Amino acid sequence: MTASRWRALVCMLLFALSTLARAAMSGMPAPVAIAPGVYAFLGDNDAVAPANHGIVANNGFIVGPEGVTVIDTGASYRYGRAMIEAIRKITPLPVKLVIITHQAPEFVFGAAAFRDDGVPILAHARAAQLIRERCSICLANLRKTLGEDEMAGSRVTVPDKTVNGTTEIESGGRQLQLLHFGPASTPGDLAVLDTQSGVLFAGGLVSNGRIPELRNEQIPGWLAALENLHALDLKTVIPGFGAPLRGDGIMRTGDYLRELDAAVKRAYKNGVGLTEAMHTVQVPAFEHDKLYAIAQPQNVQRIYLQLEKQ
Amino acid sequence: MKTTWSGTRAVTVATLAAALFAPYAARAAQPDDDPEKVVRWLDFKEGTFKGRAIDPHGDAVIKLDAPARAADAAVVPIAVNAQFPQTPTHYIRKLYLFIDENPEPYAGSFEFTPESGLATIETRVRVEDYTFMRVIAETNDGKLYSAIRFVKASGGCSAPADKDEDAAERTAGQVRIQAEGQAVAGKPELAQLMVRHPNRTGMAMNQVTRNYATAYFIRKVSVTYADKPVMIANVNFSISENPNFRFYFVPGGSGELKAHIEDTKNKQWDGAVAISAQPGGAQTSAMK
């Protein structure tokens, strides 16, 4: 083979590789400007599946005069890297802090990409504990669903900074309120309120157009947290899942929880068995929400089993 | 990675470690696989049924109800629904439950009599991974029928982290047995049996102590009505923690529904409830 043909081959390979690198996170949403300096990546709100690369949940970042604060990190290392690239296109300022709102697989696994860059990662202490104890199982589940390639480089990344309750911090030159209302959707939920814009990242507390998956919830605490958020009279809320909302819109998550809880209690009291309850207990107003077919029977099971233990 | 739970403990632990660190070395079962080509099933089938034919379209005998997707692999509710009432001349004698991908695939058996009324059983099981789950029904004429479902179960990734094993063991054995609704003489009546018990697999690592507790589970449940057997379960740790069974019996005028439970430490417990049935009229069957 002649030298020129070698060069041509190498060039072709390099081109192919660069194309691959660019396409490394297909499906990556462009950041949406929510308010000055506040951006959100909006996931497709569906079930985690190979077709959506696990990009189902929302996350975002807040650009201050001195740096960037990232809120939640998506379902994979690859997604975390893609977030970093997307942030670079908006601002040259460094990422100062990552905040994980709660322990759930769609929110935590991009954190490894930020840790590689030496960025501190903050969560509620209970969320950090659950990430340490449980996320290897979440990771195995995601690998099974999305495949080894999509999850390459993903690893359990335990937050290195924790808070135990509502805390006001300054990050990147912006004031942020980390709101904790006690155990709610998980034992360690945080909602992040940007003081300057009044935009709230609600994490696991709010879903829009998608049934929340009950995993480690306390419904009374969750309802109380929603009431607390509602009282803040917020203009813009970025829910953990689905399109941004006005503050009033968050109460629909509470409606679902209340109706679900009441319906399961009714069935349980009437001696309906678990299998039958999973088939028959419905929350009709929500049956067109995403994930309903999958999450509704699972949510029924979860509440039913808790009733049994009482 | 397909060693059984019955192997030595060292092997079990090593297997689990391998499963944790390289969970994808083995290919997961898929719903479009041929369920009649699963080697562990074929081995069990040969060993247990010795070449007897099994009708794979057992829909007229039993239906297996299990969620296609289970969010918590440790508690997967299942129901085996008998499709005809038990009569002295035609009844289901035994149901075998087999979960292909479980480290111990054979979960156990449930035996019934004409006095059961209906050979329907509901319980909750542990399910490893993506797997076929199958129930084989043996009728009193010795014929075998199967029902099969594919279940995708995921580890509970936000389950409460750890339990107090000692406390779970201390409170083991509380038995609750009850009939659902008003019993009617001569009509199959639904009963529920709940036993508080850790029903440990011996395969789960305590995340705090990093230790493995030994396997400890209920191995036998015998239920009688008026001293005649109505449901006998020979089971293992494939049944979820706090075992729960729903099944039928046919009450007469009055009688006692009794449960006797034995676990692997040979601890025994009993539960009983007096049933006073209303006189039966021209009642329709409770069958679904």
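The values are calculated or read from the model by the stated rules, or taken from the named source; none is laboratory data. These numbers were taken from a predicted model, which means no experiment stands behind them. A quick note on method: Cβ atoms are made from the backbone with ideal geometry, for glycine too, and the neighbour counts reach across all protein chains shown.
Applying the selection to the stretch A:162-185, what residues are surrounded by fewer than 24 Cβ atoms within 10 Å (Cβ to Cβ) and either out of contact with any strand residue (DSSP E or B) (no Cβ under 8 Å at 6 or more places or on another chain) or in a loop (DSSP other than H, G, I, E, B) (or both)?
Selection gives A:Asn164, A:Gly165, A:Thr166, A:Gly172, A:Gly173, A:His180, A:Phe181, A:Gly182, A:Pro183.
For the stretch B:37-64, how many residues meet the condition of being within 17 Å of the chain's Cα centre (by Cα) and free of Cβ contacts under 8 Å to residues at least 40 places away in the same chain?
Residues meeting the conditions: 0.
Which of the residues belonging to the stretch A:272-309 are crowded, with 21+ Cβ neighbours inside 10 Å and β-branched (Val, Ile, Thr)?
A:Thr275, A:Val281, A:Val283, A:Val300, A:Ile303
Identify, from the list A:Gly80, A:Gly43, A:Gly74, the residue that is in a loop (DSSP other than H, G, I, E, B) and within 23 Å of A:Val158 (Cβ to Cβ).
After ruling out the rest, the residue left standing is A:Gly74.
Would you point out which residue out of A:Arg132, A:Arg126, A:Arg143, A:Arg155 is basic (Lys, Arg), within 13 Å of chain B (Cβ to nearest Cβ), surrounded by fewer than 23 Cβ atoms within 10 Å (Cβ to Cβ) and not in a helix (DSSP H, G or I)?
Numbers: A:Arg132 fails: not in a helix (DSSP H, G or I); A:Arg126 fails: not in a helix (DSSP H, G or I); A:Arg143 fails: not in a helix (DSSP H, G or I).
Selected residue: A:Arg155, the only one of A:Arg132, A:Arg126, A:Arg143, A:Arg155 that is basic (Lys, Arg), within 13 Å of chain B (Cβ to nearest Cβ), surrounded by fewer than 23 Cβ atoms within 10 Å (Cβ to Cβ) and not in a helix (DSSP H, G or I).
Identify all residues within the stretch A:269-292 that are within 14 Å of chain B (Cβ to nearest Cβ), assigned to a loop (DSSP other than H, G, I, E, B) and closer than 29 Å to B:Ile121 by Cα; write none if there are none.
Hits for the stretch A:269-292 are A:Asn270, A:Gly271, A:Val272, A:Gly273, A:Val281.
Sort out which residues of the stretch A:234-268 are outside any strand (DSSP E or B) and in contact with a Lys or Arg (Cβ under 8 Å, 6 or more places away or on another chain), and write them in order of number.
A:Leu234, A:Lys235, A:Gly242, A:Arg246, A:Gly247
For residues in the stretch B:64-86 being farther than 17 Å from B:Ala107 by Cα and in a strand (DSSP E or B), which is farthest from the other protein chains (Cβ to nearest Cβ)?
Initial filter on the stretch B:64-86 (farther than 17 Å from B:Ala107 by Cα): B:67-72, B:81-86.
Among the residues that remain, those that are also in a strand (DSSP E or B) are: B:69-70, B:81-82.
On the way: B:Arg69: 6, B:Ala70: 8, B:Asn81: 9, B:Ala82: 14 Å.
Here the residue is B:Ala82.
Kindly indicate whether any position in the stretch B:18-32 is more than 14 Å from chain A (Cβ to nearest Cβ) and modelled with pLDDT under 90.
yes
Out of all the residues in the stretch B:101-122, is one or more away from chain A (no Cβ under 13 Å), within 28 Å of A:Val300 (Cβ to Cβ) and β-branched (Val, Ile, Thr)?
Taking every residue of the stretch B:101-122 in turn, none turns out to be away from chain A (no Cβ under 13 Å), within 28 Å of A:Val300 (Cβ to Cβ) and β-branched (Val, Ile, Thr).
Is it the case that some residue within the stretch A:226-233 is in a helix (DSSP H, G or I), within 12 Å of another protein chain (Cβ to nearest Cβ), surrounded by fewer than 23 Cβ atoms within 10 Å (Cβ to Cβ) and free of Cβ contacts under 8 Å to residues at least 24 places away in the same chain?
no
Out of the stretch B:96-106, which residues are surrounded by fewer than 24 Cβ atoms within 10 Å (Cβ to Cβ) and in a strand (DSSP E or B)?
Listed by number, the residues that qualify are B:Tyr96, B:Tyr106.
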